[in-house]
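Enquirer: Handing you this structure, nothing more for now.
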């Protein structure tokens, strides 16, 4: 590249009206430089409670991966294949672990008052993520195409219908529930998780209560 | 939040940490745990109830349910939105939320019987019963169907004496039931062949992916609930939070299920709407906890954080 070309491209890159430049600027500004994947942590990050966040995240990875394998075989595969049944069991147990770790993580963050220091949105995205995850697992139980799904649908419809949502979200329609389970709700969980992690990296791990910088 | 003097996390002294290594170790731990638990405990897969299974195990209940659908007295027939306008539905205080949702999944309970049996060909008894039913006035139809369900009655249970024929169709006394016995028997016969699910879910549609009608019919009968109660899944047994056998179901729904077990919800006609309303309120409280004075100070009053950051506080004390 000649000097003149280089000058031109710098000028273009700096153009604040350029949509691409603006988007890049926003993305680059989401997390302070070097904090997206830092190789250091503040000295106060020294407790087993911090492990539950990453355990929740890795459980989600296993949930999604086992769900993808189940998708390969189709809706009824796990009823007729021992491999399919095992993958379904991994899916179930990783979901149980996911919720278990998430609840410990949530309680840990509560006792640490982790919303301090402009971290309220991090807390809110975590709570919403918990709620959307419950919806995702609920639609999963409805998509099992077995006795449990029949009973959970028959029981669950009354709650959903009572608030008027059943008109749009029919728990007795496994086709609709399966699509919510494998597309819409996981998309919500994924986006919220991404947002939550970006916010954590943006603000850093919350300092101890009443901490000052001399610590 | 105005007095929030939390320092910037990035300004604290740091120590070496490997986030990627932590993630990989956690992933391996979760993989081993999930795989191990799956190998040891597996996952429950109780086969779905079929209409054929219901017809063979409890034919009287299926016939009674069919007659009740024709009489318009089943749960689904008297449900309201989103299935029909036969009831106001539940309210949250003065708000008729269920009604506001509208009838977007229309289901006529009589059609749960008439639809499938009208597809049966070469059966003169059913054909003439259908003709008689169609020619009758709505009042006459209701009179026949109600008389028949009353005549079948119920078995003695929970200290209540038996009514009618004690729930046994074969012992029903002769009466003016019109075409209802033939139509109900027709549905039973169709169910026994295994063709009822298809007739309800995919009639007129090659790809049947919506089980609303068959699940409503199944739930209107007593057979589904009897099976669920036998598996400790009944509403007063903490219901759908559980799974069949000893497998964990959805324990994270314990608080939602809990409210159904206690008054005033356990005796309220609007329990579902009220429990949902309460859970929405509690969720909002949890979401906006950082902004709620008092609630946001609980971690200061009960110093669990002293355990989490004990090393930090010890070091600060020393210096």
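The values are calculated or read from the model by the stated rules, or taken from the named source; none is laboratory data. It should be emphasised that the depicted structure is a prediction, and the values quoted were computed from it without experimental measurement. Glycine also receives a Cβ, built like all others from the backbone with ideal geometry; neighbour counts cover every protein chain displayed.
Enquirer: Return the only residue of B:38, B:26, B:67 being in a helix (DSSP H, G or I), touching a residue at least 60 places away in the same chain (Cβ under 8 Å) and either over 22 Å from the mean Cα position of the chain (by Cα) or at the interface with another protein chain (Cβ under 7 Å from one of its Cβ atoms) (or both). Write out each step before concluding.
Expert: Working: B:38 fails: touching a residue at least 60 places away in the same chain (Cβ under 8 Å); B:26 fails: touching a residue at least 60 places away in the same chain (Cβ under 8 Å).
Going through B:38, B:26, B:67 in turn, the sole match is B:67.
One line per residue, one yes/no per condition, for (1) out of contact with any helix residue (DSSP H, G or I) (no Cβ under 6 Å at 6 or more places or on another chain); (2) buried (at least 21 other Cβ atoms within 10 Å of the Cβ); (3) touching a residue at least 24 places away in the same chain (Cβ under 8 Å):
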{"residue": "A:51", "(1), (2), (3)": "yes, no, no"}
{"residue": "A:84", "(1), (2), (3)": "no, no, no"}
{"residue": "A:95", "(1), (2), (3)": "no, yes, yes"}
{"residue": "A:102", "(1), (2), (3)": "no, yes, yes"}
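Enquirer: Then there is this: Do we find that residue A:37 is outside any helix (DSSP H, G or I), at the interface with another protein chain (Cβ under 7 Å from one of its Cβ atoms) and at negative phi in this structure?
Expert: Details: outside any helix (DSSP H, G or I): yes; at the interface with another protein chain (Cβ under 7 Å from one of its Cβ atoms): yes; at negative phi: yes.
Considered against the rule, which asks whether it is outside any helix (DSSP H, G or I), at the interface with another protein chain (Cβ under 7 Å from one of its Cβ atoms) and at negative phi, residue A:37 comes out as yes.
Enquirer: Identify all residues within the range A:139-148 that are under 19 Å from residue B:246 (Cβ atoms) and either in contact with a strand residue (DSSP E or B) (Cβ under 8 Å, 6 or more places away or on another chain) or facing another protein chain (nearest Cβ under 7 Å) (or both); write none if there are none.
Expert: Here is the first cut: in the range A:139-148, the residues under 19 Å from residue B:246 (Cβ atoms) are A:141, A:144, A:146-148.
Correct list: A:141, A:146, A:147, A:148.
Enquirer: Do we have residue B:85 as in a helix (DSSP H, G or I) and within 21 Å of the chain's Cα centre (by Cα) here?
Expert: No, not satisfied.
Enquirer: All but one of (1) more than 10 Å from chain A (Cβ to nearest Cβ); (2) at pLDDT 85 or above hold for residue B:237; state the number of the condition that does not hold.
Expert: Of (1) more than 10 Å from chain A (Cβ to nearest Cβ); (2) at pLDDT 85 or above, only one is false for residue B:237: (2).
Enquirer: Which residues, counting only those in the range A:140-185, are in contact (Cβ under 8 Å) with a residue 24 or more places away in the chain and closer than 23 Å to residue B:287 by Cα?
Expert: Of everything in the range A:140-185, just one residue is in contact (Cβ under 8 Å) with a residue 24 or more places away in the chain and closer than 23 Å to residue B:287 by Cα, namely A:185.
Enquirer: Does residue A:89 satisfy being touching a helix residue (DSSP H, G or I) at 6+ places or on another chain (Cβ under 6 Å), within 26 Å of residue A:175 (Cβ to Cβ) and within 11 Å of chain B (Cβ to nearest Cβ)? Spell out how you get there, then give the answer.
Expert: Details: touching a helix residue (DSSP H, G or I) at 6+ places or on another chain (Cβ under 6 Å): yes; within 26 Å of residue A:175 (Cβ to Cβ): yes; within 11 Å of chain B (Cβ to nearest Cβ): yes.
Judged against the criteria, residue A:89 is a match.
Enquirer: Go through the residues of the range B:208-226 one by one and say whether even a single one is surrounded by fewer than 16 Cβ atoms within 10 Å (Cβ to Cβ), within 9 Å of chain A (Cβ to nearest Cβ) and over 14 Å from the mean Cα position of the chain (by Cα).
Expert: The answer is yes, given that some residue of the range B:208-226 is surrounded by fewer than 16 Cβ atoms within 10 Å (Cβ to Cβ), within 9 Å of chain A (Cβ to nearest Cβ) and over 14 Å from the mean Cα position of the chain (by Cα).
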